[in-house]
Amino acid sequence: MPSQHKTPPLSIITTYKKQLCALLHAGWEIGLFRGTNGNASLRFPKPYDDIAIITATKTLKGHARLSDISVWDLRDNQVFGKELSSESQIHQLLFAKTQAKCVLHAHTPYLLALSCVCPIESIKTLPIYEVALLPFAIGFVGRYQPGSTQLANAVAQAFEHLAQHNASVDTKGCLWMDGHGLLCWGEDMLTAFGILEEMEHLAMIALHGRSS
Ligand SMILES: [Zn+2]
């Protein structure tokens, strides 16, 4: 990488890549990721917080290897490794607007199934304490072509709207992209993963509630 850029030691990059692969495998085990769907990124702590790692395009999440994770300079969008997905622009946007260290995007089946029968907003009115006590904010984005600039613009707008009412979005939150999937971020990897898991869990409850 260019010498004027502060970059983490190779040992730290390798450790982070291993952690991201382990998260993807864990997500695949419980059905949050399938095939090449979705993407995941991790930003390094200061003084390297302009550098992140991210899954390359077409990575099979359940079988991701270190070579499937690219190093990404967020300042000039330079990529060191395999080509990134067009969805990487929404990761970049969230890293620019928040203190998030991890951004996850997944096409989770229960959320998608629920969205086919009713608006995902219905999750917020489930009559269970779990919803009332949710420790993160949920925002909503309309239906746009995945990877498009229109989607990135809509995500930016939805984020700003969410941020007006929820100071917590600086460190954690999620946005549902209609007909597409969930975008979550957290101040660390497990926070983002927990939001993804919790949202999918609530969608499963909502679907079961409708069919019983
Ligand atoms: Zn997607």
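Observations on the structure shown:
- Calculated FRET value between Arg210 and Asn77, using beta carbons and R₀ = 41 Å, to 0.05: 0.45
- Computed from Cα positions, the angle between helix 149-165 and the longest principal axis of the chain comes to roughly 70 degrees.
- Assigned charges on the beta-carbon of Lys, Arg, Asp, Glu; the chain dipole about Cα centre (debye): 380 debye
- The chain, helix-only ellipticity at 222 nm - DSSP H runs n ≥ 4, -39,500 (n - 2.57), divided by all residues, nearest 500: -12500 deg cm²/dmol
- Whole-number percent relative contact order across region 10-211, with pairs defined as alpha carbons under 8 Å at least 6 apart: 21 percent
- Within the chain, Cys21, Cys102, Cys116, Cys118 have no other Cys Cβ under 4.7 Å of their Cβ and so lack a disulfide-compatible partner by this rule.
Only the coordinates and a few stated rules stand behind these numbers; no lab work does. Here the structure is a predicted model, which is why all the values come from computation and not from measurement. Please note: Cβ atoms are built from the backbone with ideal geometry, for glycine as well, and neighbour counts cover all protein chains shown.
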